[in-house]
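Remarks on the structure that follows.
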Amino acid sequence: MAVGDNLASQLSALDAHVLTSHERGAFAQMLHDDVWARTEAVHQQDRNAWTQVRSKEEWETFCAARLEALRRSLGTFSANPGDLHVHRTSVVEGDGYRIENLVYESRPGVLVTANLYLPSPLRESMPAVVLVHSHHNPKTQGELQDMGMTWARIGCMVLVMDLFGYGERRQHAPGPRQDYRFRYIHGIQLHLIGDSLMGWMVWDVMRGIDLLRSRPDMDRGKLILIGAVAGGGDPAAVAAAIDPRITCVVPFNFGGPQPETIYPLPEDAEETFNYMGGGSWESTRNLRLSGQDGFLPWVIVASVAPRYLIYAHEFSWDRTRDPVWKRLEQVFAWYDASDHLDFAHGAGVLSGRPPEATHCNNVGPVHRKMIYPALERWFDIPIPQEYQNRLPEEKLTCRSPEISSPPLHELYAQIGDSRAAQMRSSLAALSPRERRTHLCQEWARLLGDLTPQAEPTVRSHVSEKVESLSIERVQLQVDPRIVIPMLLLRPRTDATDLPIVVAVSQYGKERFLRERAKEIGTLLMNGIAVCLPDLRGMGETRPRGARTRQSEITSISATEWMLGGTLLGSRLRDLRSVLRYLRERGDVNAHRIALWGDSFAPTNPSDFIDPPMDGGESPQQSEPAGGLLALFGALYEEDVCLAVARGMIAGYRSILRDRFCYVPHDVIVPGALTAGDLCDIAAALAPHPLRIEAPVDGRNCPMPAQEFEAFFEPTREAYRSTPNRLSLVPGWRDDLALWLCRHI
């Protein structure tokens, strides 16, 4: 066996663990404990701020900054929205009501399908009700029909629209819960262009209000917005917070205790209640920056005062202990508007079964019964006799063959391209040094806090020597609750200025050693040290369970967004701490540090057919974190002499190439395409050696060579004077170690 083969064999068999089995169990909780501690800090800050509010004027000051931050977080709203281009495609005549099937354009290219229920005959001045459906079913669901017909028969106009990706706006195959699962993908894609699913949903609602207000027979002082259980209350609450035209809002399951909250609440609920909530795949439930900027759900709901509010819950409600209800009562009292506040609730708990537990698809009869008296008291809307005459879905169809719109992902891509081009244009006028500085500023704004707050400290250190190798197992404390287990491999030499390659992957150092033993062995034999750190949530510190849409890591990543950061940004900060530690050791050449990010995720064939989400065997998901961290690390650490990114997504733009994507939540950067794209970061690294190898697209398919070249044209242009330092490799090649040895 050759010497190199022998070393590779030793490396692949080497125990890569730095933590004991007991420590690995604790470290699997590290990310969760960190985000929860920071969430608790938000709660304490919120409680402290609330205790300082003692009057209407102080409340309005408290609220104004938070609402402005909410508006900014949602994305871009048009100041001149333009014509709605309303099409009335058909009319259904009923007993005392009629239904107009409508299509209107909320944004250029975005068509909204909606049913408008009207009295028959029409009245001279009609209250308006807008119903925002849940994530269970589209506008045709039975409870929505019941409410539309019932209220229309007593003189109201009722608008029920399909939300994004539902009903006639669906751009994916139907199936069990496929609609609300696609909310996840829409949320990711919209965040990438600097907007949000919540923002686009709210805008659709606001444009629906424009439609109603364009009618001369609408009573503008009586506009009631009802958000259904399970996701409808979220956009309803936010819309009411930012649109003063809404007279009354009924946001189910938003602002206070959720169906998942323990019932009854504990006696100390005012001190222990989770006011911020937590992250999940459902982006309208965990608003980005809400924890950082203080627009917690209760603030959003309370901000409608002194307009009318029905605080609504699907199941049992602990009125006595609910701390949010107490705050709502106080806010409305400051306006002398206590009679503008009411409530509705059901019975039982989420885990219960009907009829004891009042599960519903949108708003059930038991809930409506509690809403009716408030609307009668406030708006003179008579308490109706419930009416039911449910129609088949085809009767409520709004689209006609001549009305079409482009796929949403194509629209997102157009917007993303435009915003990335604006950034690219602004960079073109700058010097190379200014470009790099500007990119660092823009990406830091999106990624979160990237600067290590303290010097890293060694928590434990164990050394051993194996034949030609020196092995160090290090636990590096980089944040108060974050420890990075690292493996440091050095050739057995007295040299004190070794070049070093820092290699990172989502799979961690153990998999890196097993999969890349030959390359690591080549580096060591050529006198190059190798550092393998498991950054937070990677390798030995990864949370238990799969890395799917509904996994713990997705929830942690989404909570990071709420707290003002990203998990990718936190890992980049960890990486910078590792580099700081290495520079200070004294046996590493600080000017010969290289970053190598890799992925070991299998790819999908380019011609594969996307199955239903969560249906059967799922397609392979990309794991581009290693390559992304190498690229960003080289951007922010100027003394990094070269970078390698293998198996990385070719660009955030590639995630918008299809309605499906298979990219983990924890590598998504909200607003990424407002700062250019990965090709612009790569361009800023010139003239340092850079290798980008085997990139994938948003569906985790290998990126074809021609498209790869097109994606990285700005990078190639930046390396025009030093082309030998840029290596764009479409597929996997086995010469990486030699390339590293040559360029480091």
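Fully extended, how many nm does the chain gain between residue 496 and residue 335 (0.36 nm per residue separation, minus their Cα-Cα distance)?
50.8 nm
Under 16 Å from a point 7 Å along the Cα-to-Cβ line of residue 606: which residues of the stretch 670-694 have their amide N that close?
Inside the label zone: 694.
If each residue of separation counts as 0.36 nm, what is the full-extension length gain between residue 170 and residue 347 once their alpha-carbon separation is subtracted?
Contour length minus Cα-Cα distance gives 60.4 nm.
Restrict the search to the stretch 697-744; then list the chymotrypsin sites (Phe, Trp or Tyr not before Pro) that DSSP places in a loop and that have at most 16 other Cβ atoms within 10 Å of their Cβ.
732
Cα axis of helix 567-583 to longest principal axis of the chain: angle in degrees, 0 to 90, nearest 10?
Result, in degrees: 20.
Quickly work out the residue 430-to-residue 417 label distance, labels modelled 7 Å from Cα along the C-beta direction, and quote it in nm with one decimal.
Computed distance between label sites residue 417 and residue 430 equals 2.5 nm.
Give me the percent relative contact order of the stretch 73-405, please, defined on Cα pairs under 8 angstrom at least 6 residues apart.
Reported relative contact order: 19 percent.
Run through the stretch 284-351 and list the trypsin sites (Lys or Arg not before Pro) located in a DSSP loop whose Cβ has at most 15 other Cβ atoms within 10 Å.
Counting only loop positions with at most 15 other Cβ atoms within 10 Å, the trypsin sites (Lys or Arg not before Pro) in the stretch 284-351 are 319.
So if we plug the beta-carbon distance of residue 64 and residue 449 into 1/(1 + (r/R0)^6) with R0 = 25 Å, what FRET efficiency do we get, rounded to 0.05?
Efficiency, rounded to the nearest 0.05: 0.45.
Antiparallel DSSP bridges in the stretch 73-405: what percent, to the nearest 5?
Percent antiparallel among DSSP bridges in the stretch 73-405 is about 50.
Take the alpha carbon gyration tensor of the stretch 215-316, find the square roots of its eigenvalues, order them as a ≥ b ≥ c, and report rounded if a/c is under 1.5; if not, report prolate when a/b exceeds b/c, else oblate.
prolate
What is the local net charge at residue 283, summed over the other residues whose Cβ is closer than 10 Å to its Cβ (Lys, Arg +1; Asp, Glu -1)?
Taking every other residue near residue 283 into account, the sum is +1.
Report Rg/Rh for the stretch 285-345, rounded to two decimals, where Rg is the Cα radius of gyration and Rh the Kirkwood radius.
My calculation of the ratio gives 0.99.
Once R0 is set to 51 Å, what does the formula 1/(1 + (r/R0)^6) return for the Cβ-Cβ distance between residue 214 and residue 441, expressed as a FRET efficiency to the nearest 0.05?
0.70
Using the reciprocal of the averaged 1/r over all distinct C-alpha pairs, how large is the Kirkwood radius of the chain in Å?
27.8 Å
Based on other C-beta atoms within 10 Å, arrange 207, 490, 54, 390 from fewest to most.
Ranking 207, 490, 54, 390 by Cβ neighbours within 10 Å, fewest first, gives 54, 390, 207, 490.
Give me the distance between the Cα centres of the stretch 153-205 and the stretch 571-615, rounded to whole Å.
Here the two parts' Cα centres lie 35 Å apart.
Test of the criteria: in the stretch 538-621, which chymotrypsin sites (Phe, Trp or Tyr not before Pro) are in a DSSP loop and have at most 14 other Cβ atoms within 10 angstrom of their Cβ?
608
In nm, to one decimal, how far is the residue 85 label point from the residue 267 one, both placed 7 Å along Cα→Cβ?
6.3 nm
Taking the simple approach of a point 7 Å from Cα along Cα-to-Cβ for both residue 320 and residue 580, what is their distance in nm?
According to this spin-label approximation, the distance is 5.2 nm.
For helix 197-213, what angle does its Cα long axis make with the longest principal axis of the chain, in degrees from 0 to 90 and rounded to 10?
Approximately 20 degrees, to the nearest 10.
Nearest 10 degrees, 0 to 90: what angle lies between the long axis of helix 323-334 and the longest principal axis of the chain (Cα atoms)?
Tilt relative to the chain: about 60 degrees.
I need the P(r) histogram for the stretch 405-512: all alpha carbon pairs, bin width 5 Å from 0 out to the longest distance, whole percents.
2, 8, 10, 13, 13, 11, 11, 11, 9, 6, 4, 2, 0, 0
Where the centre of each part is set by its Cα atoms, how far does the stretch 470-544 sit from the stretch 259-299, in angstrom?
Between the Cα centres of the stretch 470-544 and the stretch 259-299 lies a distance of 38 Å.
Quick one: Cα centre-to-centre distance for the stretch 636-680 and the stretch 545-561, in angstrom?
One Cα centre to the other: 19 Å.
Can you order the peptides 337-349, 402-414 by their average number of other Cβ atoms within 10 Å per residue, highest first?
337-349, 402-414
When you have a sec, figure out the Kirkwood radius of the stretch 268-391 from all distinct Cα pair distances and drop it here in Å to one decimal?
16.6 Å
Grab the beta carbon distance between residue 717 and residue 56, set R0 = 60 Å, and tell me the FRET efficiency rounded to 0.05.
After rounding, the FRET efficiency stands at 0.55.
Indicate the gyration tensor shape class of the stretch 661-706 (rounded, prolate or oblate), computed on the Cα atoms with a ≥ b ≥ c the square roots of the eigenvalues: a/c under 1.5 is rounded; otherwise a/b larger than b/c is prolate and the rest oblate.
Note, shape of the stretch 661-706 comes out oblate.
Taking the Cα of residue 706, stepping 7 Å toward and past its beta carbon, and measuring to each backbone N in the stretch 675-697: which are under 20 Å?
In the stretch 675-697, the label zone of residue 706 (backbone N under 20 Å from the point 7 Å along Cα→Cβ) covers 694-697.
Using Cβ counts within 10 Å as a stand-in for footprinting exposure, how do 496, 247 rank, fewest first?
496, 247
Write down the percent of antiparallel bridges among all DSSP beta bridges whose residues are both part of the chain, to the nearest 5.
Percent antiparallel among DSSP bridges in the chain is about 50.
First check a/c for the stretch 131-252, with a ≥ b ≥ c the square roots of the eigenvalues of its C-alpha gyration tensor; if it is under 1.5, answer rounded, and if not, answer prolate when a/b is larger than b/c or oblate otherwise.
The shape class here is oblate.
Report the full-extension gain for the segment residue 5 to residue 21: residue separation times 0.36 nm, less the Cα-Cα distance, to one decimal in nm.
Extending this stretch completely gives an extra 2.7 nm.
Values quoted throughout were computed directly from the atomic coordinates according to the rules given, and no laboratory measurement underlies them. Because the structure is a prediction, the values reported are computed rather than measured. Virtual Cβ from ideal backbone geometry, glycine too; neighbours counted across all protein chains shown.
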